[in-house]
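Before any comments, here is the structure.
The values are calculated or read from the model by the stated rules, or taken from the named source; none is laboratory data. Just so we're clear, the structure is a prediction, and the values are computed from it rather than from any experiment. Backbone-built Cβ (ideal geometry, glycine too); neighbour counts: all protein chains shown. Note: accessible area is taken over every heavy atom of the protein model, side chains too, but ligands, DNA and RNA are not part of it. Shrake-Rupley method; radii C 1.70, N 1.55, O 1.52, S 1.80 Å.
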Amino acid sequence: MEETTRTRIREVVDGEIDAVRELDGGMIGVVERVDLADGRTLVAKTGETPLSVEGRMLSYLRDRGLPVPTVHHANDELLLMDFIEGCSRLSPAIERDAAERLAALHDHGARGFGFPFDTLTGPVEQPNPWTDDWARFYIRHRVGHVLELSREAGTIDDALANRVEAAVDVAAAAIDRPVDPGLIHGDVWRTNLLASDGQLVAFLDPACYYADPEIELAYADWTGTFGEAFFDRYDEVRGIDPGFFERRRFVYRLYPLLVHVHLFGASYQSELGETLQRIHGMDDRT
């Protein structure tokens, strides 16, 4: 940790730093455990992306009941929050607890799809203009937005990009159904979860907005974060509509796959191609 960062932390917390240790972080910064001389333990994140956005997202979710670290300071260069002890090993009991907590989060509604401010998924900006139509929001401000970023950056080849564009009408039709906006965490996968004593104690690194809550389920399914225990309990608490596993979860993979192709390249292109093939197969006209 640079001395300038140490100085800023001491000023914020009004205490002396006893020890600093780097932790496994996400894609948007260096994450370090900071042990203070008075016994407190914090997490400091620094990086090139505007960390104030992550701080605002965490506070927003905390105010709505999701267990997340308390934020003590957030600006674009430094995020300070509570250190929470836990691990990412998920038992069936923890999966059921996660289902209940996410179902409760998804019950928070809004006047449309979007968010009070633009958010981030990793280093990728998520535009969140309030929109009444979910399918239009998803295609334009999620799939279309990242596709445009990828074309501009040259991170997707023209042939694959053209296949995405050719699939959007079928994708939009597959998710065009009456749905109420629900608040989602937006990046629920194993390394963003901390569990202890049989329950989830913290959700980390959010990418939140108001969406069709099924997009959260689809992401957890795609990443293999949760299994049968989670989906069975979520269905008991909140319900999963017919057609999700057969059709809509594949449409909702488009967005994270495009983000991963944009950030990580060729290793995700074949999976994106397979998903596009599935979506094209949903076209009732063929």
Inset, instruction - Return one whole number: the accessible area per residue of region 140-250 in Å², for a 1.4 Å probe. - result: 41
Inset, instruction - Note the listed values [x] 19.6, 68; [y] 21.2, 75; [z] 18.8, 59, then indicate which one is Rg and Dmax of the Cα atoms in Å calculated from this particular structure. - result: [x]
Inset, instruction - Determine, for each peptide in 182-194, 209-221, 86-98, the mean count of other beta carbons within 10 angstrom over its residues, then list the peptides with the highest first. - result: 209-221, 182-194, 86-98
Legend entry - Karplus-derived 3J(HN,Hα), 6.51/-1.76/1.60, for each residue of region 46-55, Hz, glycine and proline x: 10, x, 8, 7, x, 5, 4, 5, 4, x
Inset, instruction - For the chain, give the percent of accessible area contributed by carbon and sulfur heavy atoms, probe 1.4 Å, rounded to a whole number. - result: 44
Legend entry - Net charge of Cβ neighbours under 14 Å - reference ASN162; Lys, Arg +1; Asp, Glu -1: -3
Inset, instruction - Mind putting a number on the dipole of the chain about its Cα centre? Charges go on the C-beta only, +1 for Lys and Arg and -1 for Asp and Glu, and I need it in Debye to the nearest 20. - result: 380
Inset, instruction - Would you tally the net charge around ALA207, using a Cβ to Cβ cut-off of less than 13 Å, leaving ALA207 out, and scoring K and R as +1, D and E as -1? - result: -4
Inset, instruction - For every helix of n ≥ 4 consecutive DSSP H residues, a contribution of -39,500 (n - 2.57) applies; sum these over the chain, divide by its total residues, and give [θ] at 222 nm rounded to the nearest 500 deg cm²/dmol. - result: -12000 deg cm²/dmol
Legend entry - Karplus-derived 3J(HN,Hα), 6.51/-1.76/1.60, for each residue of region 216-228, Hz, glycine and proline x: 5, 5, 5, 5, 5, 5, 4, 7, x, 5, 10, x, 4
